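Structure, as structure tokens:
The values are calculated or read from the model by the stated rules, or taken from the named source; none is laboratory data. All values derive from a computational prediction rather than experimental measurement. No Cβ is skipped: glycine too gets one built from the backbone with ideal geometry, and neighbour counts run over all protein chains shown.
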């Protein structure tokens with residue numbers, strides 16, 4: 001895919017309706033489309049997100065997309081940023097539909113996943129586990145504890161939805177894979 005940017009690619013998502021590909025590349029979020037059979041190129045680049053109202057001093061203000069998901073039949077793109085919360089963008093107007101400002105003190109997002117029904121977002125908070133948010137709300141509905149072994153082992157790990165949104169699965173810094181029942185938050189495995 002031709003992006004015109006030479007930087008690491010942090011996340012990808014494909015829209016099943018349009019065939020568009022969203023790319024978190026360097027500090028930018030691109031949307032690419034097929035312009036010739038099996039040839040894709042960027043045709044939209046999103047503006048930077050608004051800065052979060054800081055709870056604590058945030059020294060790292062880099063813009064970095066950590067997870068991407070299309071919503072509303074490809075008309076919206078949900079982006080989880082490392083240091084800028086979770087933003088839902090209107091793909092045509094580039095307007096922010098909503099933003100989640102994580103409640104944990106450092107506000108850093110390790111990874112996130114949008115549920116299939118697009119009504120919940122699982123966010124790996126790089127602190128004490130996974131928080132489940134409703135779109136546009138900055139206070140989690142559910143908090144699932146999954147603390148790292150130590151500060152040195154606090155690394156971004158993936159989170160995803162299982163069983164049509166009835167469970168959450170996440171990695172951990174200790175090599176374990178955990179599964180929680182939703183909405184009870186009960187650890188299943």
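Before moving on, here are some points about what is shown:
- If you check 138, 184, 170, 75 for being within 23 Å of residue 62 (Cβ to Cβ) and more than 13 Å from the chain's Cα centre (by Cα), only one passes: 138.
- Criterion: under 19 Å from the mean Cα position of the chain (by Cα), at pLDDT 85 or above and over 27 Å from residue 61 (Cα atoms) - qualifying residue of 131, 117: 117
- Count - residues of the range 20-43 that are under 19 Å from residue 94 (Cα atoms) and either assigned to a strand (DSSP E or B) or in contact with a strand residue (DSSP E or B) (Cβ under 6 Å, 6 or more places away or on another chain) (or both): 15
- Here 112, 80, 67 are screened, and the one residue that is surrounded by 23 or more Cβ atoms within 10 Å (Cβ to Cβ), assigned by TED's automatic domain parsing to the domain that holds residue 156 and either modelled with pLDDT of 90 or more or touching a helix residue (DSSP H, G or I) at 6+ places or on another chain (Cβ under 9 Å) (or both) is 112.
- Of all residues in the range 154-189, those that are under 15 Å from residue 109 (Cα atoms) and in a strand (DSSP E or B) total 4.
- Given (1) farther than 30 Å from residue 141 by Cα; (2) in contact with a strand residue (DSSP E or B) (Cβ under 6 Å, 6 or more places away or on another chain); (3) buried (at least 16 other Cβ atoms within 10 Å of the Cβ), index of the condition residue 9 fails: (3)
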